[in-house]
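First up is the structure itself, then whatever we jot down about it.
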Amino acid sequence: MSEQTEVKTTVSITIDGRTVEAQPGELLIAAAERAGTYIPRFCYHPRMEPVGMCRMCIVEVDTGRGPALQPSCMIPVAEGMTVATESPVTKKAQDGVLEFLLINHPLDCPVCDKGGECPLQDQTLAFGPGESRFVEEKRHYAKPIPLSDLVYMDRERCILCDRCTRFSKEVAGDPLITFINRGNATEVNTFPDDPFASYFSGNTVQICPVGALLARPYRFKARPWDLDQVESTCTACAVGCRMAVQSSSNTLVRHLGIDVDPVNWGWLCDKGRFDFEAVNAEERLRAPLVRKGDELVETSWSEALTAVAEGLGAARDRHGASSLAVLGGARLANEDAYVWSKLARTVLGTDNVDAQLGDGLPAAAVLGLPRATIDAACAAGTVILLGPDIKEELPVLYLRLRDAVVHKGLRLVELSPTETSLSRLAAASLRHRPGEVAQLMGALLSGGRGAGPEVAEAASLLGDGPVVCVLGRASLAESPDSAVAAAATLLEARPGSTFLSALRRGNVHGALDMGLAPGILPGRVTLADGRDWFTSAWGSLPEAEGLDATGTLTAAAAGEIRGLVLLGADPLSDFPDRDLARRGLAAAGFVVAVDAFLTDSSRLADVVLPAAIFGERDGTTTNLEGRISRLNQKVTAPGSARVDWMIAVELASRMGADLGVESLEEIWDEIERCAPSHAGLTSDRLRTAEALDGLLPAATLDVETEGPPPTMSQVDEPGSNAAASQGMDHLPGNVQTEESALGSGTGSGPGPEGAGGADSMAAAFGAQGDTADYGEGTTPAEGGGEAEAIARTADAATEGTTVGEPSGGGTEGAAEERRAPRTIRFARPGGPGGPPRLDSYSLRLVASRRLYDAGTFVAHSPSLAPLAVGAPLRVNPADLERLGLTSGSRIRLSSSRTTLVLVAEADLGVPRGTAALVFNQPGRGAADLIDATTAVTDVRLETLAEASPVGSRSSRREASGG
Amino acid sequence: MARLSPENEVLAGQIIARYPRSRSALIPLLHVAQQQDGWVTDEAMAHIGELLGLTPAEVLGTCSFYEMFRREPVGTYLVNVCTNISCQLLGGEELLEHVEQRLGVKAGATTADGMFTVEDVECIAACTEAPCLQVNYRYFHRITHQGFDALVDDLRAGRRSDEIPPHGTTTRLRQTIPAGRWAGVGAVGLAPEVG
Ligand code: SF4
Ligand code: SF4
Ligand code: FES
Ligand code: FES
């Protein structure tokens, strides 16, 4: 007890006669709102600096010198302040402000997208004058004009509140829109021919308090009163932004960001905001397909599943279970991933499963390294960035890190093969050759001695304590070994350091948690550690550790994989080595694709099963922190497309097995019981209000971080009120949160009660006979009671604790005592040394990603697809000159795999000896050059014009031709 | 010419170096651009953005706030004729008509030879000297029609180019005062750069 307990920590103010306690420094408008008094506003936004631009929030304030009108968004509360928000003087001022704002406003509400959810409409009705005295002609502009491919501007409607312009500068760091001209002629616009090409442009549409900014994908699609919505989590990348998913007539029409304090603060990136178009796409698969000769033809679920069961069964019987493999799963919800993991291990009998397609980090590292949350990273003081360009791959994490750097003094120390979007913000940005980041990390941690002044300076920023490291895969053209070795070096040198994963795929972290990785079982345990526990829960487990994606495709190419399941995986587009993917798929015997679209890979399959995707299914997803949040269904899947876990259950049944789950809730209960990292995360807890921010499993929390403890729930924070802060305050208030049960309607899926689940499941598949035995046999999820499960929460992560058995068919099992396996701990893998020497004619390849790529969701979203424009090869100007090439000329680029013709451009952000390409853009590219079985990929450049001597200027003409 | 010339880029570097934050050099650099071309071109704004680490939009935002930065071509001589009340009472409108007739263009336009741009403006704060006009912001008080004709003849003949430099020319009055004349002021940090 300190003597400070008596000190008053709040500020007392009086609002309309009521005494209210406010936080010191809090703005009056925010304090009033927390106390239940809504002061009208346009420019104020809780996630941005106040500017006092619109004067709508003007109220009478008395700080002892008599009442005066003041903008409540600009003044912090002060002890004894008296505020009148409804006095005649305040009312008159509000009337005046609104009358002025409406002078220039066209009042074309009937044809305005915002009409019905418009703060200007609503506040005029609530606080404005009944009539305007303005009878003159209003100003006119051409309308609307495009600010970018995604955002349109209606300048007549703009009230100059400065929200969009502030957002673009303050939050996104892309000040491409600005106030132009002055006075009555002021307008928001871009520089001529320099569009508002920001990855975050859609946020301005959401926060614009009028209908001035319009999103092209939503324009004229619906009226607010037609919209129906649920709250869900974006799975377009692994940040896991919370958003409202809105539909009209069973079609998704809009995503809006929801303010979740630990994650996205209300922001979305444009990919996550607009990729709902892919869900609605015409090209979605609506019925199962089977191969008849050269063609894939539509068929019934019954026939397709029989074909899959026979194909996989025959391969298993003839060539053994290890001839089967499952690739993919990052698209899946946690529940799907768990059921597929169980299916692979028990029914198929193989450990050849991998949710990553050779483009991530080894699962043992992702799951085993001590974790940091986004909040912890932002509060860390110094963060080491070791991974991809965060803005391109995890956009809203970029916003959070940028905010921490720009507004909170976070220092970034970046280790990367080329310049990234964060390089300019970094306190130190160090370059390494592809494949040599471990060496650079070593030099950095040993104080930078002998490694040059830059490294020494960066080292001085690190202090001596533990640090937070953002860890990912900087380049797909190098093996992840060096990054893992760098992490090991960091952990050894700075015990207590924590890691924030920068893997990008939607639910890749959930898929890994659920055991979709070779040698990993659900709950972050290794096959060896979890053998007893899961044998008891599941009945059987594969003997040997299986192959990862690279191993699987290599084995397939050698004819050793006879049955391959692609779970939303498209190795021909996504695997870093297209040649290996092609050979593997060609020789893989029987191939099944579970997918929403026909992709390059699923086109080669023997059977294609149509899957329900985001927006069409309930469940949970896990973000890069390990945070688990809820997915909610909004629309029904097209045709007979099914949810992935149901497909697994049905497939198992065709193969004569019963996975013992009939609803999402049952699956989650089984996860909670069997997966040690998730113990205690009951489905009841997932339905609480705190779960709206996402819940961190105990195994994630069990780390010592330097920053403040990660927040599991901040429902009391002012910022977390989505409605108030995001311009969502005017939507119909039906965001499904607590009510929507985990197991509730997946269209034709089982209901939340579970009763009748078998029937509806049977109906869903149109095959009653096959599902008759649901609910019989063993149900693994009936073991240890809830009390034990929660008790296990705290310590399951650290060491095996005596708890109830994970499952074990009924009461007997529950009585027996058994140790939950410990969750995986990171250990430095024994690996090869450094990469081979680079010969002086070659450059070492870096293949990084862009936000807009040829991935399915972008490719099938008409508004986004044109933004994937490809990119030239980028080379240091000195190298270009050394090789006798001109920037902008077409060149021949060769690796051990193939030769491509590309445009080469000079880029000072690429160090000498390195060549940088963008991965997965339309057409041939990096994947054709990369050899995934080597540590690095070296390439050579030649001029295209054979005849011209090296170093001549003749390549200019080539450039104009290209 | 569009972007800043090499000489002006050097000058820009010197100007930027005067400020603790490079962004503060934005308005001086816009003057340099306007001096170079008589108006501020888009290319010059983009160039200034590069030099200051700003987006072209940010440069445009500032540039367009100040009406004396012109973003359209302007004649060598910008003729602003006041038609506000005091001048109007003493023949300002007739003066504007005469100017338009004499130069053969309407207010808002530029003569074909690029010599003159005519504009009508609101009060330019010389009401006691009405009617009045400005050429490149130099005042001509109580100007008669004949007086204006003589002025045009002089300007065309280049007789007054010292007094009225081409549109956009900045003066460097402060900078040409010898440092010694600022005795005492330098100590508080106001010493001007010479040149
Ligand atoms: S466009 Fe919208 S957000 Fe931007 S200033 Fe105008 S009213 Fe505000
Ligand atoms: S950052 Fe990732 S999770 Fe957030 S909106 Fe964008 S794609 Fe979705
Ligand atoms: S909300 Fe306070 S001035 Fe706009
Ligand atoms: S009215 Fe012409 S100068 Fe004032």
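Just so it is clear, none of the values below were taken in a lab; they were calculated from the coordinates. Quantities reported herein were computed from a predicted structural model and do not represent experimental measurements. Cβ sites come from the backbone with ideal geometry, for glycine too, and all protein chains shown count toward neighbours.
Results, tabulated for the structure shown:
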quantity: Spread of Cα-to-Cα distances over 5 Å intervals beginning at zero, given as percent, for chain B; calculated: 1, 7, 14, 16, 15, 14, 12, 11, 7, 3, 0, 0
quantity: Compactness of region A:213-357 as Cα Rg over 2.2 N^0.38 Å, two decimals; calculated: 1.38
quantity: Net charge of Cβ neighbours under 10 Å - reference B:A109; Lys, Arg +1; Asp, Glu -1; calculated: -1
quantity: Under the Karplus curve 6.51 cos²θ - 1.76 cosθ + 1.60, θ = phi - 60°, whole-Hz ³J(HN,Hα) for region A:634-651, x wherever Gly or Pro sits; calculated: 10, 10, 8, 5, x, x, 10, 4, 10, 6, 4, 5, 5, 4, 5, 4, 5, 5
quantity: Per-residue [θ]222 nm for the protein assembly as shown (sum of -39500 (n - 2.57) over DSSP H runs n ≥ 4, rounded to 500); calculated: -7500 deg cm²/dmol
quantity: Other-chain or far-sequence residues with amide H under 5 Å of A:S889's (modelled H); calculated: A:A904
quantity: Efficiency of FRET from Cβ geometry, A:E295 and B:F65, R₀ 60 Å, rounded to 0.05; calculated: 0.40
quantity: Rounded, prolate or oblate (a/c below 1.5 giving rounded, otherwise prolate when a/b exceeds b/c) for region A:365-501 by Cα gyration tensor; calculated: rounded
quantity: Vicinal HN-Hα couplings computed from phi for region A:91-106 (Karplus, 6.51 cos²θ - 1.76 cosθ + 1.60; Hz; Gly/Pro x); calculated: 4, 5, 5, 5, 3, x, 4, 5, 4, 5, 4, 7, 4, 8, 8, x
quantity: Packing-based exposure ordering (other Cβ within 10 Å, fewest first) of A:K143, A:K342, A:K408; calculated: A:K408, A:K143, A:K342
quantity: Neighbour-count ranking [beta-carbon atoms within 10 angstrom, fewest first] of B:M45, A:M74, A:M514; calculated: A:M74, B:M45, A:M514
quantity: FRET efficiency for A:R828 and A:T535, using Cβ-Cβ distance with R0 set to 22 Å, rounded to 0.05; calculated: 0.15
quantity: Tensor-based shape of region A:843-961 (alpha-carbon gyration tensor, a/c under 1.5 rounded, otherwise prolate or oblate); calculated: prolate
quantity: Cα gyration tensor category, rounded, prolate or oblate, for the protein assembly as shown with a/c compared to 1.5; calculated: prolate
quantity: Phi-based couplings in Hz for region A:852-863 (Karplus 6.51, -1.76, 1.60; Gly and Pro marked x); calculated: 9, 9, 8, x, 4, 5, 5, 4, 9, 9, x, 6
quantity: Distance from region B:29-70 to region A:602-651 (C-alpha centre basis), Å; calculated: 53 Å
quantity: Sequence of A:W301, A:W645 once ranked by neighbouring C-beta atoms within 10 Å, starting from the fewest; calculated: A:W301, A:W645
quantity: Theoretical gain in end-to-end length, B:Q146 to B:E122 [0.36 nm per residue, Cα-Cα removed]; calculated: 6.4 nm
quantity: For region A:437-503 and region A:211-290, distance of Cα centres in Å; calculated: 37 Å
quantity: Per chain B, cysteines lacking a partner by the 4.7 Å Cβ criterion; calculated: B:C63, B:C123, B:C127, B:C132
quantity: Folded to 0 to 90 degrees: helix B:92-103 orientation relative to chain B principal axis, Cα; calculated: 80 degrees
quantity: C-alpha center-to-center spacing [region A:369-428, region A:36-84] in angstrom; calculated: 35 Å
quantity: Point-to-point label distance, A:R65-A:E282, nm (Cα→Cβ direction, 7 Å offset); calculated: 6.8 nm
quantity: Overall Cα dimensions of region B:19-81, principal axis frame, Å, largest first; calculated: 39, 21, 19
quantity: Chain B: relative contact order in percent, alpha carbon pairs under 8 Å with at least 6 residues between; calculated: 18 percent
